[in-house]
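Laboratory data are not the source of any read-out in this text; all were calculated from the coordinates shown. This is a predicted model, so every value here is computed, not measured. Positions of Cβ are generated from backbone atoms using ideal geometry, with glycine treated the same way; all protein chains shown enter the neighbour counts.
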Amino acid sequence: MKHRWIGLILTLSAVALLSAQNHWPQWRGPLMTGEAASANLPLTWSETENIAWKTAIPGAGHATPVVWGDKVFVLTAVPDDIIIVEKADTSAGEEGGRRHWMRGKKPDRVLHFTVLCLNLDSGNILWQTKVHSQLPHEGTHGDGTWASPSPVTDGEHVYAFFGSFGLYCLDFDGKVIWQKDLGDMKIRATFGEGSSPALHEDKLIVQWDHEGDSFLVVINKTSGDELWRKDRDERTSWSTPVVVEVDGRPQILVNATGAMRGYDLETGNVVWEATGMTVNVIPVPLVGQGVAYFMSGFRGEAMTAIRLSGARGQLDGTDHIAWIYNEDTPYTPSGLLYQQRLYFYKRNNGVMTCLNAEDGSVIWGPEKLEGQKTAYASPVGVAERIYTFGREGVAHVLDGGSLFKILATNTLDDGFDASPVVVGDRLLLRGRKSIYCIAK
C-alpha cells in the first residue's frame, strides 16, 4: 500500500510538471520545490552567448517573475524623481545600528508600485500598470527593495502582492479587478518585507508575520473578500506558505521562528505544530512524498523533516519528526527538493550541501562555489542539473548526480537576487537592472 501511495504521488507530480511546462505560476515553480519541468537549457551563457533577449526593468524589485503561456509578469517599485525626506520612519531598529551591513535603507521618495507584462518570445513590455504610489512608512534592508514579494497567477489573473502597499488582482490586460489593504507591517530591524502569497484553487493565502499583530489570512481570489483570519503568536518572518493535500484535506504549511505549523485550509484551525527553527525565518517549506522539510539559518542552523500523514497536535519528540539536520542551513535562499535530494546554501554564502531527503544523510558538501560570495536566489533543478546564482552575477551549473561536480561557470554583467524561472527551454533571470531570457 505504501509503495502504491508513493507511486500515485510521483505520477501526480509528473502530470503537474508536464502540464506546467510552459507555466511558472509562483516563485518556486509548479510544485513549490524549485523543480522545473524537463527542459533543454544551455549549459553555458554570457552577455554574447545564448541570450535570446534582455529587457531593462524600471525601478527595483527582488520579486521573481511568474509566467503563464507567452506572458511574463514582473513587480517593481519605481522611485519618483522628487526626493522627500520628512514623514519617513528611518530608524534602523533594534539591530540596525550594530553593523554597517545591517543598517536599513531609508525611504526618501514616493515609490510607484507597478506590475509589468512582458512577451516571453520577444521580451517586449506589453503593458505596465501602476497600482499604488506611496512614501514607504519604514525602511528596508540595505540589499532589499520595496517590491520583494513575488506574484502568483492562475492563468486568468495575476495577483500582485506588495505587502504593506497592497494586494491587487489584475487581468491579463493589466486592468485592476480588485485591491485590498491589509495594513502596515512593522518589520524587525526594518529589514523590509518579503513573504509571497500562495494560491490554491479559489483561495489566496497571506502570511503576515511582523512585530505587530501577526496573522494568517485566506482571501477569495474572485472578490478579494476575507474568508478567515487567524491570529499568530509570531514575530517577523519572511517565509511563504505552501498548500498541500494531507489525508484528503488541503493544509497550509507555515514556517516561522515560534513554530512550524499546519493549518486546515477550510477552517483555519491549527492541525499540528513543532518547534526548532531559528529567528528571522525565510526559507519556504518543501514537500515531497508525504514529508515536509523546514529550514532556517540566522543565528543558528536548523532543518526538520516532518511526516505529514496523521500529524496532529504538538509533534516535538514524536515519530512524525522524521529527522533533524542542524548544520550549514540557509538564511535567505530557500532550498531545492529535486529527485529526493535536498540542495541548500549555507546561510547566504556560496557554499552548498546536498542531503538524502529520505533520511537526512549527507550526499556531498559543504562545497564552495567559487565566485559566488553571497547568494539570495534559490536554486532550481532541471534535466539532471542544478542551477545556482550568486549576487555578483556568477552562476554555476552542477551535476545532479551523487557527486559534487561543477559542469559550467557563467557570468553576466548584472547581479541576481530574485530566483530563476524555467519555462519550456528557456531560463529567465531577473537581475537588478534587466530580465534575461537564456536559451540555445
Please compute the length gained on full extension between residue 119 and residue 404, using 0.36 nm multiplied by the number of residues separating them and subtracting their Cα-Cα distance.
98.9 nm
Taking max minus min of the Cα coordinates of the range 365-419 on each principal axis, largest first, gives extents in Å of 30, 20, 17
Fewest-first sequence of 412, 43 by Cβ atoms within 10 Å of each Cβ:
43, 412
Using unit Cβ charges (K, R positive; D, E negative) and no other charged atoms, how large, in debye to the nearest 20, is the dipole of the chain about its Cα centre?
540
May I ask you to derive the relative contact order of the chain, considering only C-alpha pairs under 8 Å and at least 6 residues apart, and to give it as an integer percent?
14
Descending packing, highest mean Cβ count within 10 Å first, for 398-408, 266-276 is 266-276, 398-408
If 161, 344 are placed from fewest to most neighbouring beta carbons inside 10 Å, the sequence is 161, 344
For the range 201-356, the Rg and Dmax computed from alpha carbons only, in angstrom
15.1, 44
From the residues 271, 419, 402, which one has its Cα farthest along the dipole of the chain in the positive direction, the dipole being from +1 and -1 charges on Cβ of Lys/Arg and Asp/Glu about the Cα centre?
402
Expressed as a whole percent, how much of the Cα-Cα distance distribution for the range 148-277 exceeds 24 Å?
25
Show me, for the range 165-182, the HN-Hα J-couplings you get by feeding each phi into the Karplus relation (A = 6.51, B = -1.76, C = 1.60, θ = phi - 60°), rounded to Hz, glycine and proline as x.
9, x, 10, 10, 9, 10, 7, 6, 9, x, 8, 6, 8, 8, 9, 9, 9, 9
Packing-based exposure ordering (other Cβ within 10 Å, fewest first) of 417, 328
328, 417
GNM of the chain, Cα pairs under 10 angstrom: of 197, 333, 366, the biggest fluctuation goes to 366
